[in-house]
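A quick write-up on the structure given underneath.
The values are calculated or read from the model by the stated rules, or taken from the named source; none is laboratory data. Computed from a predicted model, the values in this text were never measured in an experiment. Here the Cβ positions follow ideal geometry from the backbone for every residue, glycine too, while neighbour counts run over all protein chains shown. These accessible areas exclude ligands, DNA and RNA; they are computed on the full protein's heavy atoms, side chains included. Shrake-Rupley method; radii C 1.70, N 1.55, O 1.52, S 1.80 Å.
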Amino acid sequence: MNFSLSRLEVMKHIEKYIQDAYNDFLTPVDKIWQPADLLPVASSENFFEEVKQLQDSAKELSYDLVAVLIGDTITEEALPTYETWLAGIEHVSQDRNGPWSKWVRAWTAEENRHGAALNTYLYLSGRVDMRKMEISTQYLIADGFDIGTDKDPYRNFIYTSFQETATNLSHRRVAQFAKQQGDTLMAKLCGHIAADEARHAKAYKAFVARILEIDPNEMLLAFEDMMRKKIVMPAHFLREMGLKIGQTFGHFTDAAQRLGVYTATDYTDILKDLVDEWKLDQLTGLNDAGEKARDYLIALPDRLNRVAERMKTPTLEYKFSWIHA
Ligand SMILES: [Fe+2]
Ligand SMILES: [Fe+2]
């Protein structure tokens, strides 16, 4: 095994897998769902009736669930930040017809439907102060994020593997809660979004698996580094009008934790799944630094679980400016 491979060589090697991922994990545009398949459309003669039904169900959603939905929507709508970040990775061909550029464009195109669908739902729901929400979205895009990956493809793929899995889980949970609270339209919408996120997670996890085959030490070091920094959510700079960068984010995650949409235990479970999926315990031919990183990563879920057990569920009631009532 050659340990002196450069990132550039490795990324060149996995280009063919990225090419395959385009077909294996993305759905052709004319086959995939669109927001208009699920939401009332104004050209339909039943439009007002459907909106009325949507609003009646939305009325039943709990305060925390609406807060989480808004936070999720803003997170999805800050997609320009994520596309710019992915497009700016180093050590990979930026050729516009190359596999990476094609992947980034097509992934972005799939993701773009999520913010559009959720935004339209919230707009129609009557539960939301749209202007306040739109201000938060504009802030979040303008503020960007700082997630500790720099322009490194290895750190980037660890982050995306983790984050796409986390968004799959949280949208799936929102779907469950919406269903329990009688909003079948929202349940269906979030179920569809969750399914997209699952495909995306699979793709990024496959990229990491390929890199582990040829450059395990460096990949492990990148994984260790990201976990030491902690995986921060893409909306960690979330704020409302009149507040400073990040001031709203904690209230959003508190609501998610309180509801059980995304908890500290979920964070640990995702990490454990990644350690298992990439079979870290079976990697061979590691150098000392690689061994140490591997040991750290394998032991980490248990350590984090002990911390999570001591964490209290946040109870602070917070009134978001986004929500009418
Ligand atoms: Fe998404
Ligand atoms: Fe995603």
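If only residues of region 150-187 that are among the basic types (Lys, Arg) and within 16 Å of ligand 1 (Cβ to nearest atom) are counted, the one that is surrounded by the most Cβ atoms within 10 Å (Cβ to Cβ) is 173.
Whether any residue in region 204-226 is among the small types (Gly, Ala, Ser) and either within 18 Å of residue 114 (Cβ to Cβ) or within 13 Å of ligand 2 (Cβ to nearest atom) (or both) is what I want to check. Walk me through it before giving the result.
The first filter runs over region 204-226 and keeps only residues among the small types (Gly, Ala, Ser), leaving 206, 209, 222.
Filter again for either within 18 Å of residue 114 (Cβ to Cβ) or within 13 Å of ligand 2 (Cβ to nearest atom) (or both), leaving none.
No, the conditions are met nowhere in region 204-226.
Determine, yes or no, whether residue 76 is over 16 Å from residue 238 (Cα atoms), within 16 Å of ligand 1 (Cβ to nearest atom), of a type outside the set (Ser, Thr, Tyr) and not in a loop (DSSP other than H, G, I, E, B). It is false that residue 76 is over 16 Å from residue 238 (Cα atoms), within 16 Å of ligand 1 (Cβ to nearest atom), of a type outside the set (Ser, Thr, Tyr) and not in a loop (DSSP other than H, G, I, E, B).
Which one of 91, 13 is at positive phi and open to solvent by 50 Å² or more (accessible area, probe 1.4 Å)? Spell out the reasoning first.
Working: 13 fails: at positive phi.
So the residue among 91, 13 that is at positive phi and open to solvent by 50 Å² or more (accessible area, probe 1.4 Å) is 91.
With the structure loaded, tell me whether residue 248 is more than 16 Å from ligand 1 (Cβ to nearest atom), within 20 Å of residue 304 (Cβ to Cβ) and among the polar types (S, T, N, Q) or whether it fails that test. No: the conditions fail for residue 248. Among the residues of region 126-143, are any open to solvent by 10 Å² or more (accessible area, probe 1.4 Å), within 16 Å of ligand 1 (Cβ to nearest atom) and either touching a Pro at 6+ places or on another chain (Cβ under 6 Å) or not in a helix (DSSP H, G or I) (or both)? Checked against the condition, which is being open to solvent by 10 Å² or more (accessible area, probe 1.4 Å), within 16 Å of ligand 1 (Cβ to nearest atom) and either touching a Pro at 6+ places or on another chain (Cβ under 6 Å) or not in a helix (DSSP H, G or I) (or both), region 126-143 yields at least one hit. For a quick check of your reading of the model, give me the residue pairs whose first member lies in region 290-304 and is of a type in the set (A, V, I, L, M), whose second is modelled with pLDDT under 95 and open to solvent by less than 10 Å² (accessible area, probe 1.4 Å), with beta-carbon atoms closer than 8 Å and at least 6 apart or on different chains. Close Cβ pairs satisfying both conditions: none exist.
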